[in-house]
1. Could you tell me whether region B:368-500 comes out rounded, prolate or oblate from its Cα gyration tensor? Rule is a ≥ b ≥ c as square roots of the eigenvalues, rounded for a/c under 1.5, then prolate if a/b exceeds b/c, otherwise oblate.
2. Report the calculated FRET efficiency for A:ASP53 and A:LEU197 (r = Cβ-Cβ distance, R0 = 45 Å), to the nearest 0.05.
3. Probe 1.4 Å, all protein chains in place: accessible area of B:HIS203 in Å², nearest 10?
4. Between region B:112-159 and region A:204-256, how far is it from one alpha carbon centroid to the other, in angstrom?
5. Would you kindly derive the ³J(HN,Hα) couplings of region A:110-119 from the backbone phi angles with the Karplus curve 6.51 cos²θ - 1.76 cosθ + 1.60 (θ = phi - 60°), listing them in order in whole Hz, with x for Gly and Pro?
6. Excluding ligands, DNA and RNA, what is the accessible area buried between chains A and B, summed over both sides, using a 1.4 Å probe, to the nearest 100 Å²?
7. Mind checking the full-extension length gain between B:LYS450 and B:VAL403? Use 0.36 nm per residue of separation minus the Cα-Cα distance, one decimal, nm.
8. Between B:VAL371 and A:GLU137, what is the spin-label point distance in nm, taking each point 7 Å from the Cα along the Cα→C-beta axis?
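The values are calculated or read from the model by the stated rules, or taken from the named source; none is laboratory data. Please read all numbers here as calculations on a predicted model, not as lab measurements. When we count neighbours, we look across all protein chains shown, and the Cβ atoms used for this are built from the backbone with ideal geometry, even at glycine. For the accessible areas, the whole protein counts, side chains as well, though only heavy atoms, and no ligand, DNA or RNA atoms are used. Shrake-Rupley method; radii C 1.70, N 1.55, O 1.52, S 1.80 Å.
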Amino acid sequence: MNKIVEKEHFSERVVKIVVEAPLIAKSRKPGNFVIVRVGEQGERIPLTIAGADIQKGTISLVVQKMGVSTTKLCDLEVGDCITDLVGPLGQPTEIHQVGTVLACGGGVGVAPLLPIVEAYKKAGNRVVTILAARSKELVILEDEVRKWSDEVIVMTDDGSYGKKGLITEGMEEVIRREKVDECVTIGPAIMMKFCALTTKKHAIPTVASLNAIMVDGTGMCGACRVTVGGKTRFTCVDGPEFDAHKIDFDEMMARLAGYKPEEQEKMEHFLQQ
Amino acid sequence: MERSDEQIKKERKQPWRVELQKKNKAKDRMAIQRVVMPEVEPEERIKSQRIEVNSQLTKEQVMQEATRCMDCVNPTCMEGCPVSINIPGFIKRIERGEFQEAASVLKETSALPAVCGRVCPQEKQCEAKCFYVEKLNRPAVAIGYLERFAADYERESGTISVPVVAEANGVKVAVVGSGPSGLSFAGDMIKLGYEVTVFEALHEIGGVLKYGIPEFRLPNAVVDVEIENLRMMGVKFVANFIVGQTASLDDLKEAGFKAFYVASGAGLPRFMNIPGENLNGIFSSNEYLTRVNLMGADNVDSDTPVLRGKNVVVVGGGNTAMDSVRTAKRLGAERAMIVYRRSKEEMPARKEEVHHALQEGVEFLTLSNPVEYIAGENGRVSQVKIQKMELGEPDASGRRRPVPIEGSEYLIDASVVVVAVGVSPNPLIPNTVKGLNVSKWGTIEVEQDKMQSSIPELFAGGDIVRGGATVILAMGDGRKAAANMDNYLKKKHQIQARGV
């Protein structure tokens, strides 16, 4: 069950794995995520599905080494099994034909963005995608994104690839030159916050896909709560996508950092072993 | 399967029972004092989440307690049991020292006797209907302790009897959720000869018995043995499978499942929508208990963290609140406090749990309600603003309504807060099944005595129907649903009736 059949290193800390999960491959939709657990002492962590192959019965996940759980997952090799894998979870992305869609992906957020870009394109939209990363080696899935985008703009913080600058600069450039009907953003919380501020100025409807801390992923625990438009919502069952203009990103960032000291302790304990 | 009233009466006249009845005079039976359950000392037990509070009675103690039972002509105790356990039947076997046989009697109607013996509110059910309580106003026969002893005796003896199962009829039924209701249903249906598969969303089988109820009340090993027992009877378990998401109900129909029992539980934790409730350090009881009980966050080797605090506030007065506050104590809290808006008398928690919590040093701030949470450093809660309450007129629940006292607010320090004010039904099935009648509270509507929903092949029970109840009521629903689904399927598919 859940055997890893392919593994690719995108960078030192970012790995793509392809896992056997025939039922999830069949039932997943863009925007859905899974919960994985590695080892009998493992933690349950959510990961957005980056793609699926129904014929082969596999799904792909892109993981960035951050703490103990993601390190354990990244350290698995082809032939190893993921102890537990469950999904698909969350509400799928609502895809319509709207005209021009601006898709903004940052860091590993490009992985979950890919199936959404594909779906928008297939629904008959013009899709302009902006990929943002700190530097060249952290730009991932560029070729795959190009396949489903009318145009791809790469932005790097250090200018080592594409244009030098922040994602919002690329967004402003697109918005200046053409009418954008909808925007979708996936990446670090701080990036999504500024993407949302940018599109709000221009009144462009925007959704952000959130990566919250979760335990069960089915609405049971409420660890993933987020304030949207003044109301508490659960990222796992109400999301993971919400109206980016209404999300309280500051609260969300504080909640994401809620276990920092504990996570550090776990990491030290893990490295000692 | 269970016996009819007539059979129970007939059984009472069997020679061994008559002999036993004559062995002791009624007066002598009544002269015996109710047994006292030995407990691990509070200072000792709060050192670990995994030390069970109630320890074991001896053989002599249980045989003497069983002697108290009058073997009534009309065993009213049975009326108090939602799964109709043959109570005198198993108690009288204990009186004779036949503990294995007593366990077999329990398993005729209950899939989880070792669980029920620990977590059932017997004082409100079987024991409340005991002759001693009803006629003598004296402590009931300790039916719960005896049940627990018989189930534990069998488990520890290593020779576990597997109940007789009818010849397989080849009809596949699916169970959604592996909590007490689903397990109880599965046990009955497998006995009737059905091919039963239980689907569970989490990675462990057992539902609330695993993620919710702490090990100091119900050790996981006890639950696992009962699950293993069902597995030996032929029940199949599939973990990491969310019906409605991983595969739809229609997919399962295509795979040959003829009927469904939905026991997906109470999914969504309720919050109070007060300022600051999303600060770090504020948990739902579901999250707090799941991190510790299911994920083992109390153990350093577990990858799952949980926040610990010197001062912990738990909001609520039910069993889940008691489980949470006692867990906080075991995670090292110096002050672990219950904040409850009514008085101790109205608390829905079992008396035994409140008693154990008090022994362990839990503080009770009653007639108190949180109105705001105040942040300290890094967006973590540091204080709770509490408003005092007084009791007004009784409300719909029959309990006196708590009324806030204006201007009575004060602050207490707390770096962890657990909100245990109830749960709403899990929306996954109600949201994904077309044509299913759902109440405005999100519970699945069923025909009361049949547990059958607006979709004839879909039955439901437990918290997804009740909104929030006890393990034993959920199990009772499972038994009712099994009996009625069996009738329904027999009619529909003309299955040859094959009794056990």
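1. prolate
2. On the way: r = 37 Å, r/R0 = 0.83.
Plugging the Cβ-Cβ distance into 1/(1 + (r/R0)^6) gives 0.75.
3. 30
4. Answer, in whole Å: 45.
5. Residue by residue, region A:110-119 yields 5, 4, x, 6, 3, x, 6, 4, 4, 5 Hz.
6. Roughly 3400 Å² of accessible surface disappears when A and B pair.
7. Computed gain between B:LYS450 and B:VAL403 is 12.9 nm.
8. 5.8
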